[in-house]
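> Sharing a structure here in structure tokens format.
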There are 2 protein chains.
Amino acid sequence: MTGLKKQVFAGTFISSKSPQELNYLHNALICVDGAGRIARVDKEPGSVSKLEKTLKTLGWDASEVDIHVAQPGQFFFPGFIGEFCCMIVRMRLLTIALDSHVHAPQYPNVGIFGKTTLMEWLEKYTFPMESSLKDLDKARRVYTACVRRTLSHGTTTAAYYATIDVAATNLLADICLDIGQRAFVGRVCMDNPTTCPSNYRDETAQQSLERTRETIQHVRDIDPDSKLICPILTPRFAPSCSSEAMRGLADIQREMDLPVQTHISENEGEIALVAKQFPESGSYAEVYDDHGLLTRRTILAHAVHLSEEEAALVARRGSKVSHCPCSNSSLTSGAARVRWMWDRGITVGLGTDMSGGYSPSVLEAARQAALVSRHVAMGVSAEAERERSKLTAEEVLYLGTRGGAEVVGLGDRVGGFEKGMEWDAQLIGLGQVDEDGMGEEGNVDVFGWETWEERMAKWLFNGDDRNVKKVWVRGRLVHER
Amino acid sequence: MTGLKKQVFAGTFISSKSPQELNYLHNALICVDGAGRIARVDKEPGSVSKLEKTLKTLGWDASEVDIHVAQPGQFFFPGFIGEFCCMIVRMRLLTIALDSHVHAPQYPNVGIFGKTTLMEWLEKYTFPMESSLKDLDKARRVYTACVRRTLSHGTTTAAYYATIDVAATNLLADICLDIGQRAFVGRVCMDNPTTCPSNYRDETAQQSLERTRETIQHVRDIDPDSKLICPILTPRFAPSCSSEAMRGLADIQREMDLPVQTHISENEGEIALVAKQFPESGSYAEVYDDHGLLTRRTILAHAVHLSEEEAALVARRGSKVSHCPCSNSSLTSGAARVRWMWDRGITVGLGTDMSGGYSPSVLEAARQAALVSRHVAMGVSAEAERERSKLTAEEVLYLGTRGGAEVVGLGDRVGGFEKGMEWDAQLIGLGQVDEDGMGEEGNVDVFGWETWEERMAKWLFNGDDRNVKKVWVRGRLVHER
């Protein structure tokens, strides 16, 4: 992570200026220092021809600089940020944004959900897979595949739910550090004997907290300054946790100012269960709030069925939401209302929620976010509001980059191309169709007459990992094809 | 198309036994004669070892036979059948099944729809693109890309909407025949001056019919027995056609027993327009019926908002429906109820409806059919009916193969692996993850412990053209990677 060569990136850079607008820089330059930080952005078209002058201004010698030039039609885009449930920990892990929600241990189950909904799916597919990852050889194989696969899709930051197993969770952190993916790694806490399987749960709240501290310590040992890997407190979700465990996690949160990830209001059966289990709290959101877990650093996955009161509470506390459209459609959970949450002041990012979601790709999550927002619109009768419900290509790309960065608390470090930010980026190349109608590898066919806005829409709707030519995290090249 | 070598295919064969069930043949043999027809199916496991005996029974000499063996983990699957709107003809082309609905001229616009709905989208994106394809160089480039791309996704049969241009439509038929894709090619009829652009419409009903006959004649000339290419009557949709043109097309239909493709009940604004334009008909379906176009050979794309009465009429007439979930979500048209249509006795297939739909892949349409059925379920309050609304992996794969074959009237020729059917098939390979967690190219990662049913689900949800290793139409190898 240190001793990188200085780098200059040249060509077209596209990133979110706001949720509604993409910023296009053409024939521009971005200089990245040896710590992987953006030292300079030359936005003016024609900057490439002034490279020598730029280097001189920075006091950099051309001989010590690697230069990366995007080919015509290619562009640099911020890396995606999202949440992944690595396998499935105690009942189900949630995340959102930059893949702000991924269950790494569930990766082998992607696409496998049959006709189940949440609770059934957890019992049938998720817990058995997660529990089996205490076998470290298996965990290494699954986590390596998961990290490589998500990187190949341009995910530079992932918020991972691991499993309850300390050694396997630590291994996931090691693998992310080694391969070079920025990650939040959380050991899943689940100690409620009435809802968790007897062979896959923490024995006591005490054990839940101790084991959590062990994984925090491990991450601190391997990456003391959280340059790349950060521990994240991970109560699976309220139904799988005792009040004691949740309060204990909130204590750790305050003590160490750590991020928290959990699930909220994904499914109606789950909501009923929470109401029954925590009758003293007024709502699902209040359960977390009553236990001290609704913090500015909390990432709530799903949030499909939030009430007005809950949304107001989440906004007031500054907690964030990870929208997981692939998962919510697959498990028939519902259609989360992103515009509605934005209108209420909630920060939203994207999660793949593998394997509740079927895809390891944040671009797929962005695509499905656009489609799901149209299903939300179909249920709205007032025409103006129906129109507003729909998310544009620009907005869902924002969710996967800057939105996700805000959700995981890295809004000042990643998600855009500004001076002082770290170089977490992907080089995107779209396929060109030649004069004979022959295309290139990949599913995006550019005929040449498309505007840049149209190219972005084509990429959003038909792009895949083949369009991700290179991926950098903190200036380090971590994937190439 | 003649003079093919005899072929034997060996390994695993998977195809739909019924909408609910896939049939798995392992270590089996299928023998295909020089006309591309299945001469024999040896279903018993172990058939491969009896190859010599099988050839002897058929009276085939081993020296005159090409043998194709699926590698372990690979399987043969029927080619997909779907509808494609090649570009966008007068207001919008609809199709369903096997890709039973594709607008070939719209292919360059995939993914580009912004926040528009149907009518706006037609004006803004579709008509200008379609109209420009009277430039035959451009048409050749676009259609070649479209046919190659759909074949690479395993689409062996496509029902294409071309444009109003005779020469460009004929060119599409030529390209399909040359490259070897089974296709229904329709010149789009649109002669209503109040709804069609002045620079992109048939001048009169008379001209609409004459030009249609010209393209029919061309297809008859190049493929007299419709071995591969079949003309299809293509009134864009009721709003863009005069009564005279529709009646004239119905006359041609009866005269030549040709298939018909059109759109129905996609969008509420469109439905209101139809009611206004045809006040003498009781419903959208009745408009087609009153003009003689609701035949057993008619493919109705979309059918999102059919009433009970319309569904009963469509079922009574034996007309078919092409479900286009990608398009319906993208354009916020609504969520079509496949189970509801099945319950009413309507035959349903899948359409990509490019570029209303963003993807050239019938597998993507099948995936979205599964997801959209879950959005249908979310709107159903009765639990049992909600559950029934959801489509399984088996059911959506049926829609894309046998369902599509029924929709285009080829149920006895393609869509399955029975003796006497033609060899329209794809060889599918999924990626294996090695012991170090390194996967292969493509997005389907098989760890080795998955059942065949789970592999099929993984393929459905993460598969793409990289998993399509070879594609045959009528025994001819038409795509390979």
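The values are calculated or read from the model by the stated rules, or taken from the named source; none is laboratory data. What you are looking at is a predicted structure, and each value in this text was computed from that prediction instead of being measured. Cβ coordinates were reconstructed from backbone atoms using ideal geometry, including for glycine residues, and neighbour counts include every protein chain displayed. To get the accessible areas, we keep the full protein, side chains included, count just its heavy atoms, and leave off ligands, DNA and RNA. Shrake-Rupley method; radii C 1.70, N 1.55, O 1.52, S 1.80 Å.
> At a Förster distance of 30 Å, what's the computed FRET efficiency of residue B:21 paired with residue B:276, Cβ-Cβ distance as r, to 0.05? Write down the numbers at each step before the final one.
Values: r = 45 Å, r/R0 = 1.51.
Efficiency at R0 = 30 Å is approximately 0.10.
> About the Cα centre of the range A:99-408, how large is the charge dipole given +1 on each Lys and Arg Cβ and -1 on each Asp and Glu Cβ? Please answer in debye to the nearest 20.
The calculation lands at about 740 debye.
> Stretched out fully, how many nm does the piece from residue A:453 to residue A:167 gain, at 0.36 nm a residue minus the Cα gap?
Working: separation 286, 0.36 × 286 = 102.96 nm, distance 4.62 nm.
Contour length minus the Cα-Cα distance gives 98.3 nm.
> How big is the B/A interface in buried accessible area, both sides summed, 1.4 Å probe, to the nearest 100 Å²? Write down the numbers at each step before the final one.
On the way: alone 17850 and 17860 Å², together 30390 Å².
Accessible area lost upon association: around 5300 Å².
> Next question, about the same structure. Return the FRET efficiency for the residue pair residue B:412, residue B:226: r is the Cβ-Cβ distance, R0 is 22 Å, and the value is rounded to the nearest 0.05.
Working: r = 14 Å, r/R0 = 0.64.
So, using R0 = 22 Å, E works out to roughly 0.95.
> Follow-up question, since we're still on this one. Using alpha carbon centroids, what distance separates the range B:118-178 and the range A:300-376, in Å?
The range B:118-178 and the range A:300-376 have Cα centres spaced 37 Å from each other.
> Now a separate question. For residue B:282, place a label point 7 Å from Cα along the Cα-to-Cβ direction in every copy; what are the distances to the other copies, in nm, shortest first?
Relative to the other copies, residue B:282 has label-point distances of 5.4 nm.
> Shifting gears a bit: Roughly how many Å² of residue B:451 are accessible to a 1.4 Å probe, to the nearest 10?
70
> Using only atoms on other chains, find how many Cβ atoms lie within 10 Å of each Cβ of peptide A:391-397 and report the average. Don't skip to the end; give the middle numbers.
Numbers: counts 1, 2, 5, 0, 0, 0, 0.
Average per residue, whole number: 1.
> Counting pairs of alpha carbon atoms under 8 Å apart in space and at least six apart in sequence, what relative contact order in percent does the range B:270-368 give?
Details: 150 pairs, mean separation 22.6, N = 99.
Relative contact order comes out at 23 percent.
> Taking a point 7 angstrom from the Cα of residue A:120 along the C-beta vector, which residues in the range A:321-342 have backbone N less than 12 Å away?
A:331-332
> Also: What ranking do B:329-340, A:418-429, A:247-258, B:191-202 get when scored by the average of other Cβ atoms within 10 Å per residue, highest first? Please report the intermediate quantities before stating the final value.
Details: B:329-340: 24.0, A:418-429: 21.5, A:247-258: 16.2, B:191-202: 17.9.
Averaged packing, sorted descending, gives the order B:329-340, A:418-429, B:191-202, A:247-258.
> How much of the accessible area of the range B:21-62, probe 1.4 Å, is carbon plus sulfur, in whole percent?
Values: 1090 of 2230 Å².
Ligands and nucleic acids excluded, carbon and sulfur give 49 percent.
> To continue, here is another question. When only alpha-carbon atoms count, how far does the range B:99-408 stretch along each of its three principal axes, as whole angstroms with the largest first?
Over the range B:99-408, Cα extents along the principal axes are 54, 45, 39 Å.
> Next question. Within a 10 angstrom radius of each residue's Cβ in A:462-468, how many Cβ atoms of other chains show up on average? Whole number is fine. Display every interim value, and only then the final one.
On the way: counts 9, 1, 6, 5, 6, 0, 0.
Mean shielding count: 4.
> Treating the point 7 Å from Cα along Cα-beta-carbon as the label, what are the nm separations from residue B:137 to the other copies, to one decimal?
6.3
> Here's another thing I want to ask about it. Report, for residue A:220, each distance to the same residue's label point in the other copies, shortest first and in nm; define the point 7 Å along Cα→Cβ.
For residue A:220, the other copies' label points sit at 8.5 nm, shortest first.
> Count the net charge of all other residues whose Cβ sits under 9 Å from the Cβ of residue B:407, scoring Lys and Arg as +1 and Asp and Glu as -1.
On the way: positive: B:320; negative: B:83, B:406.
So the surrounding residues net to -1.
> Which whole number gives the average, over all residues in B:378-390, of C-beta atoms from other chains lying within 10 Å of the residue C-beta?
Per residue, the average neighbour count from other chains is 2.
> Let me ask something additional. Could you work out how much longer the chain between residue B:419 and residue B:343 gets when fully extended? Use 0.36 nm per residue separation minus the Cα distance between them, nm to one decimal. Before the final figure, lay out each step's value.
Working: separation 76, 0.36 × 76 = 27.36 nm, distance 2.98 nm.
Here the segment from residue B:419 to residue B:343 would lengthen by 24.4 nm.
> Using the heavy atoms of the protein chains and a 1.4 angstrom probe, tell me the accessible area per residue for chain B in square angstrom.
Details: 15200 Å² over 481 residues.
For chain B, the solvent-accessible area averages 32 Å² per residue.
> For the charge dipole of the range B:99-408, defined by +1 on Lys and Arg C-beta atoms and -1 on Asp and Glu C-beta atoms about the Cα centroid, which residue among B:361, B:277, B:164 has the Cα displaced farthest towards the positive pole?
Result: B:361.
> Still on this structure, I have one more. Quote the relative contact order of chain A in percent (integer), defining contacts as alpha-carbon pairs under 8 Å separated by 6+ residues.
On the way: 1311 pairs, mean separation 95.1, N = 481.
Worked out over chain A, it gives 20 percent.
> Do the alpha carbons of any pairs in B:50/B:227; A:6/A:469; B:53/B:227; A:17/B:115; B:6/B:134; B:227/B:390 sit beyond 29 Å of each other, and which pairs?
Values: B:50/B:227 32 Å; A:6/A:469 20 Å; B:53/B:227 31 Å; A:17/B:115 20 Å; B:6/B:134 41 Å; B:227/B:390 37 Å.
Exceeds cut-off: B:50/B:227; B:53/B:227; B:6/B:134; B:227/B:390.
> What are the DSSP H helices in chain B that stretch 18 Å or more along their long axis, judged by alpha-carbon atoms, and whose average Kyte-Doolittle hydropathy comes to at least 0.5?
What comes out of the filter, once short or polar helices are dropped, is B:166-179, B:362-378.
> Could you tell me what % of all Cα pairs in the range B:259-334 have separations over 16 Å?
Working: 1289 of 2850 pairs.
Of all Cα-Cα distances in the range B:259-334, 45 percent exceed 16 Å.
> Quick check: at a probe of 1.4 Å, how many percent of the accessible area of the range B:237-390 sits on carbon and sulfur atoms? Walk me through the numbers before you get to the answer.
Values: 2170 of 4610 Å².
The value for the range B:237-390 is 47 percent carbon and sulfur by accessible area.
> Place a +1 charge on the Cβ of each Lys and Arg in the protein assembly as shown and a -1 charge on the Cβ of each Asp and Glu, then give the dipole magnitude about the Cα centre in debye, rounded to the nearest 20.
Roughly 660 debye, rounded to the nearest 20.
> R0 = 60 Å: FRET efficiency of residue A:308 with residue B:296, Cβ-based, nearest 0.05?
Values: r = 52 Å, r/R0 = 0.87.
Computed FRET efficiency for residue A:308 and residue B:296: 0.70.
> How far apart, in nm, are two points set 7 Å out from the Cα along the Cα-to-Cβ line at residue A:214 and at residue A:199?
Between residue A:214 and residue A:199, the simple spin-label model gives 2.0 nm.
> Here's a follow-up. Can you compute the radius of gyration and Dmax for the protein assembly as shown, using only the Cα atoms, both in Å?
Over the protein assembly as shown's Cα set, Rg and Dmax evaluate to 28.0, 84 Å.
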